[in-house]
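Okay, structure first, notes after.
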Amino acid sequence: MTTLTDDRRVRARDASPARYFYLHMALACAATAFLGFAPTYWMPLAHRTLSASPVIHFHGFLFFTWSLYFVLQTWLAASGRVVNHRSLGIAGVSLATAMTIFGFLASVHVMQHSAALGQREAGIAFSIVPMSGIAFFAIVFVLAIMNTRRPEIHKRLMLLAAVSILDAAIARWFLTFLAPPGPPGPPPVPVTIAPAVVASLLLVVAMVRDWRTEGRVHPVYITGTLALLAVKVLNWPISETAAWHSFAGGILALAQ
(Lines give C-alpha, C1' and ligand atoms only; values in the text may rest on other atoms or scores of the structure.)
Protein backbone atom coordinates (compact mmCIF):
# COMPACT_ATOMS: atom_id res chain seq x y z
CA MET A 1 0.00 0.00 0.00
CA THR A 2 2.85 2.37 0.86
CA THR A 3 4.52 1.64 -2.47
CA LEU A 4 1.28 2.30 -4.35
CA THR A 5 0.76 5.59 -2.51
CA ASP A 6 4.31 6.71 -3.20
CA ASP A 7 3.91 5.79 -6.86
CA ARG A 8 0.79 7.92 -7.14
CA ARG A 9 2.61 10.85 -5.55
CA VAL A 10 5.44 10.50 -8.04
CA ARG A 11 3.01 10.40 -10.95
CA ALA A 12 1.16 13.47 -9.62
CA ARG A 13 4.43 15.33 -9.17
CA ASP A 14 5.61 14.44 -12.66
CA ALA A 15 2.28 15.37 -14.21
CA SER A 16 2.26 18.86 -12.70
CA PRO A 17 4.73 20.48 -15.15
CA ALA A 18 2.72 19.02 -18.03
CA ARG A 19 -0.45 20.63 -16.75
CA TYR A 20 1.25 23.99 -16.25
CA PHE A 21 2.56 23.88 -19.81
CA TYR A 22 -0.94 24.70 -21.06
CA LEU A 23 -1.23 27.57 -18.61
CA HIS A 24 2.01 28.99 -20.01
CA MET A 25 0.70 28.58 -23.55
CA ALA A 26 -2.56 30.31 -22.60
CA LEU A 27 -0.57 33.21 -21.15
CA ALA A 28 1.44 33.39 -24.38
CA CYS A 29 -1.79 33.52 -26.40
CA ALA A 30 -3.22 36.27 -24.20
CA ALA A 31 -0.02 38.31 -24.41
CA THR A 32 0.06 37.92 -28.19
CA ALA A 33 -3.55 39.06 -28.48
CA PHE A 34 -3.05 42.10 -26.25
CA LEU A 35 0.29 43.24 -27.70
CA GLY A 36 -0.88 42.61 -31.25
CA PHE A 37 -3.83 44.96 -30.93
CA ALA A 38 -2.01 47.51 -28.77
CA PRO A 39 -0.87 49.80 -31.64
CA THR A 40 -4.19 49.86 -33.49
CA TYR A 41 -6.80 49.39 -30.77
CA TRP A 42 -5.73 49.62 -27.13
CA MET A 43 -3.48 52.69 -27.44
CA PRO A 44 -5.91 54.69 -29.63
CA LEU A 45 -8.72 53.64 -27.27
CA ALA A 46 -6.74 54.88 -24.27
CA HIS A 47 -6.04 58.20 -26.02
CA ARG A 48 -9.69 58.48 -27.15
CA THR A 49 -8.65 58.68 -30.80
CA LEU A 50 -10.25 55.43 -31.92
CA SER A 51 -13.34 55.63 -34.09
CA ALA A 52 -15.10 52.29 -34.40
CA SER A 53 -18.64 50.97 -34.49
CA PRO A 54 -20.24 49.28 -31.44
CA VAL A 55 -20.06 45.96 -33.32
CA ILE A 56 -16.28 46.21 -33.57
CA HIS A 57 -15.93 47.24 -29.93
CA PHE A 58 -18.07 44.35 -28.70
CA HIS A 59 -16.28 41.98 -31.05
CA GLY A 60 -12.96 43.05 -29.53
CA PHE A 61 -14.32 42.79 -25.99
CA LEU A 62 -15.52 39.22 -26.56
CA PHE A 63 -12.30 38.03 -28.16
CA PHE A 64 -10.06 39.53 -25.49
CA THR A 65 -12.37 38.13 -22.79
CA TRP A 66 -11.78 34.74 -24.41
CA SER A 67 -8.02 35.17 -23.92
CA LEU A 68 -8.52 35.83 -20.20
CA TYR A 69 -11.06 33.01 -19.93
CA PHE A 70 -8.60 30.58 -21.52
CA VAL A 71 -5.92 31.59 -19.01
CA LEU A 72 -8.35 31.12 -16.11
CA GLN A 73 -9.48 27.70 -17.31
CA THR A 74 -5.96 26.40 -17.83
CA TRP A 75 -4.98 27.71 -14.38
CA LEU A 76 -7.94 25.92 -12.77
CA ALA A 77 -7.01 22.68 -14.52
CA ALA A 78 -3.32 23.02 -13.65
CA SER A 79 -4.04 23.70 -9.99
CA GLY A 80 -6.33 20.68 -9.71
CA ARG A 81 -9.60 22.62 -9.47
CA VAL A 82 -11.28 20.37 -12.01
CA VAL A 83 -14.81 20.88 -10.64
CA ASN A 84 -14.50 24.66 -11.05
CA HIS A 85 -12.95 24.15 -14.48
CA ARG A 86 -15.92 22.09 -15.63
CA SER A 87 -18.45 24.49 -14.11
CA LEU A 88 -16.95 27.42 -16.02
CA GLY A 89 -17.07 25.35 -19.19
CA ILE A 90 -20.72 26.31 -19.59
CA ALA A 91 -19.72 29.98 -19.61
CA GLY A 92 -17.14 29.13 -22.26
CA VAL A 93 -19.82 27.69 -24.53
CA SER A 94 -21.83 30.90 -24.25
CA LEU A 95 -18.73 33.04 -24.83
CA ALA A 96 -17.65 31.04 -27.89
CA THR A 97 -21.18 31.27 -29.31
CA ALA A 98 -21.20 35.05 -28.88
CA MET A 99 -17.73 35.24 -30.46
CA THR A 100 -18.95 33.32 -33.49
CA ILE A 101 -21.97 35.58 -33.94
CA PHE A 102 -20.08 38.84 -33.50
CA GLY A 103 -17.15 37.58 -35.53
CA PHE A 104 -19.56 37.14 -38.42
CA LEU A 105 -21.19 40.54 -37.79
CA ALA A 106 -17.77 42.21 -37.67
CA SER A 107 -16.83 40.69 -41.04
CA VAL A 108 -20.09 42.01 -42.52
CA HIS A 109 -19.33 45.44 -41.05
CA VAL A 110 -15.89 45.40 -42.72
CA MET A 111 -17.58 44.64 -46.05
CA GLN A 112 -19.97 47.53 -45.53
CA HIS A 113 -17.11 49.85 -44.66
CA SER A 114 -15.17 48.78 -47.75
CA ALA A 115 -18.21 49.33 -49.94
CA ALA A 116 -18.58 52.84 -48.49
CA LEU A 117 -14.98 53.53 -49.52
CA GLY A 118 -15.72 52.38 -53.07
CA GLN A 119 -13.88 49.06 -52.60
CA ARG A 120 -16.84 46.71 -52.59
CA GLU A 121 -15.15 43.82 -54.43
CA ALA A 122 -12.01 44.05 -52.32
CA GLY A 123 -14.12 43.97 -49.17
CA ILE A 124 -16.03 40.94 -50.39
CA ALA A 125 -12.80 39.13 -51.24
CA PHE A 126 -11.22 39.91 -47.87
CA SER A 127 -14.32 38.83 -45.94
CA ILE A 128 -13.30 35.22 -46.42
CA VAL A 129 -10.45 35.76 -43.95
CA PRO A 130 -12.52 36.62 -40.85
CA MET A 131 -15.40 34.34 -41.86
CA SER A 132 -13.23 31.27 -42.39
CA GLY A 133 -11.28 32.12 -39.24
CA ILE A 134 -14.31 32.25 -36.97
CA ALA A 135 -15.74 29.13 -38.63
CA PHE A 136 -12.50 27.24 -37.95
CA PHE A 137 -12.50 28.42 -34.33
CA ALA A 138 -16.14 27.36 -33.85
CA ILE A 139 -15.59 23.89 -35.34
CA VAL A 140 -12.50 23.23 -33.23
CA PHE A 141 -14.24 24.49 -30.10
CA VAL A 142 -17.21 22.18 -30.69
CA LEU A 143 -14.81 19.25 -31.13
CA ALA A 144 -13.11 20.22 -27.87
CA ILE A 145 -16.44 20.24 -26.03
CA MET A 146 -17.28 16.84 -27.51
CA ASN A 147 -14.02 15.51 -26.05
CA THR A 148 -14.23 16.90 -22.52
CA ARG A 149 -13.94 13.37 -21.13
CA ARG A 150 -10.77 12.81 -23.14
CA PRO A 151 -8.48 15.45 -21.61
CA GLU A 152 -5.45 14.70 -23.80
CA ILE A 153 -7.54 15.57 -26.86
CA HIS A 154 -9.63 18.30 -25.21
CA LYS A 155 -6.75 20.46 -24.03
CA ARG A 156 -4.94 20.24 -27.36
CA LEU A 157 -8.08 21.22 -29.26
CA MET A 158 -8.60 24.17 -26.93
CA LEU A 159 -5.05 25.35 -27.57
CA LEU A 160 -5.60 24.92 -31.31
CA ALA A 161 -8.78 27.03 -31.10
CA ALA A 162 -6.95 29.76 -29.16
CA VAL A 163 -4.04 29.89 -31.62
CA SER A 164 -6.36 29.90 -34.65
CA ILE A 165 -7.64 33.41 -33.85
CA LEU A 166 -4.24 35.01 -33.15
CA ASP A 167 -3.36 35.77 -36.76
CA ALA A 168 -5.44 38.97 -36.66
CA ALA A 169 -3.41 40.27 -33.72
CA ILE A 170 -0.09 39.35 -35.34
CA ALA A 171 -1.21 40.91 -38.63
CA ARG A 172 -1.56 44.27 -36.87
CA TRP A 173 2.18 44.27 -36.17
CA PHE A 174 2.89 43.35 -39.79
CA LEU A 175 0.75 46.25 -40.99
CA THR A 176 2.08 48.71 -38.39
CA PHE A 177 5.80 48.06 -38.65
CA LEU A 178 6.42 46.23 -41.94
CA ALA A 179 3.81 47.33 -44.46
CA PRO A 180 4.17 50.74 -46.15
CA PRO A 181 1.27 53.17 -45.65
CA GLY A 182 -1.46 52.56 -48.19
CA PRO A 183 -4.96 53.71 -49.04
CA PRO A 184 -7.77 52.94 -46.60
CA GLY A 185 -9.57 49.69 -47.17
CA PRO A 186 -9.02 45.96 -46.74
CA PRO A 187 -5.55 44.52 -47.42
CA PRO A 188 -5.02 41.87 -50.11
CA VAL A 189 -5.92 38.37 -48.94
CA PRO A 190 -2.42 36.89 -49.53
CA VAL A 191 -0.86 39.13 -46.86
CA THR A 192 -2.84 37.26 -44.19
CA ILE A 193 -0.93 34.02 -44.77
CA ALA A 194 2.33 35.12 -43.10
CA PRO A 195 0.69 36.14 -39.78
CA ALA A 196 -1.08 32.77 -39.68
CA VAL A 197 2.24 30.98 -40.14
CA VAL A 198 3.76 33.02 -37.30
CA ALA A 199 0.80 32.20 -35.02
CA SER A 200 1.24 28.51 -35.84
CA LEU A 201 4.71 28.62 -34.30
CA LEU A 202 2.96 28.35 -30.93
CA LEU A 203 1.62 24.99 -32.08
CA VAL A 204 5.14 24.01 -33.12
CA VAL A 205 6.25 24.69 -29.55
CA ALA A 206 3.48 22.37 -28.34
CA MET A 207 4.57 19.72 -30.84
CA VAL A 208 8.16 19.89 -29.61
CA ARG A 209 6.93 19.54 -26.05
CA ASP A 210 4.90 16.46 -27.05
CA TRP A 211 7.86 14.90 -28.81
CA ARG A 212 10.18 15.47 -25.86
CA THR A 213 7.77 14.28 -23.15
CA GLU A 214 5.62 11.72 -24.97
CA GLY A 215 8.02 10.50 -27.63
CA ARG A 216 5.54 11.45 -30.36
CA VAL A 217 3.47 14.38 -31.55
CA HIS A 218 -0.24 14.06 -30.81
CA PRO A 219 -2.39 13.69 -33.97
CA VAL A 220 -4.52 16.68 -32.91
CA TYR A 221 -1.55 18.98 -33.40
CA ILE A 222 -0.53 17.48 -36.73
CA THR A 223 -4.02 17.39 -38.24
CA GLY A 224 -5.09 20.66 -36.67
CA THR A 225 -2.04 22.65 -37.76
CA LEU A 226 -2.22 21.32 -41.31
CA ALA A 227 -5.95 22.12 -41.46
CA LEU A 228 -5.39 25.62 -40.06
CA LEU A 229 -2.65 26.45 -42.56
CA ALA A 230 -4.66 24.92 -45.41
CA VAL A 231 -7.59 27.20 -44.61
CA LYS A 232 -5.35 30.28 -44.54
CA VAL A 233 -3.66 29.40 -47.84
CA LEU A 234 -6.87 28.39 -49.63
CA ASN A 235 -8.52 31.67 -48.63
CA TRP A 236 -6.51 33.35 -51.39
CA PRO A 237 -7.71 31.42 -54.46
CA ILE A 238 -11.24 30.95 -53.10
CA SER A 239 -11.60 34.69 -52.42
CA GLU A 240 -11.13 35.36 -56.14
CA THR A 241 -13.83 32.96 -57.35
CA ALA A 242 -17.23 34.02 -58.63
CA ALA A 243 -18.85 31.62 -56.16
CA TRP A 244 -17.37 33.41 -53.15
CA HIS A 245 -18.22 36.85 -54.50
CA SER A 246 -21.78 35.69 -55.10
CA PHE A 247 -22.05 34.21 -51.59
CA ALA A 248 -20.45 37.06 -49.65
CA GLY A 249 -21.99 39.67 -51.94
CA GLY A 250 -25.40 38.23 -51.15
CA ILE A 251 -24.73 38.60 -47.42
CA LEU A 252 -23.62 42.19 -47.98
CA ALA A 253 -26.77 42.94 -49.98
CA LEU A 254 -28.94 41.58 -47.16
CA ALA A 255 -27.08 43.73 -44.61
CA GLN A 256 -27.50 46.98 -46.55
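Points to keep in mind about this one:
- Magnitude of the charge dipole, the chain, Cβ model with Lys/Arg +1 and Asp/Glu -1, debye to 20: 740 debye
- Anisotropy class of region 191-256 from Cα gyration tensor, a/c 1.5 cut: prolate
- In the context of the full set of protein chains, region 54-255 has a per residue accessible area of 50 Å² (1.4 Å probe).
- Within the accessible area of region 54-255 (1.4 Å probe), percent carbon and sulfur: 74 percent
- Span-like helix ranges in the chain, DSSP H, alpha carbon extent 24 angstrom or more, Kyte mean at least -1.0: 2-37, 54-78, 82-116, 128-146, 193-214, 219-239
- Across region 116-232, the relative contact order, built from alpha-carbon pairs under 8 Å that are at least six residues apart, equals 30 percent.
- If the segment from R149 to A230 were pulled out straight at 0.36 nm per residue, it would be longer than the present Cα-Cα gap by 26.3 nm.
- Contact order, relative form, for the chain: 22 percent (alpha carbon pairs under 8 Å, 6 or more residues apart, mean separation divided by residue count).
- Positive dipole terminus of the chain, leading residue within A52, L88, W173 (C-beta point charges): L88
- Segments 38-45, 165-172 sorted - mean Cβ within 10 Å per residue, highest first: 165-172, 38-45
The values are calculated or read from the model by the stated rules, or taken from the named source; none is laboratory data. Quick caveat: nothing in here was measured; it's all calculated off a predicted structure. Here the Cβ is made from the backbone with ideal geometry for all residues, glycine too, and neighbour counts use every protein chain on show. All accessible areas refer to the heavy atoms of the entire protein, side chains included, with ligands and DNA or RNA removed. Shrake-Rupley method; radii C 1.70, N 1.55, O 1.52, S 1.80 Å.
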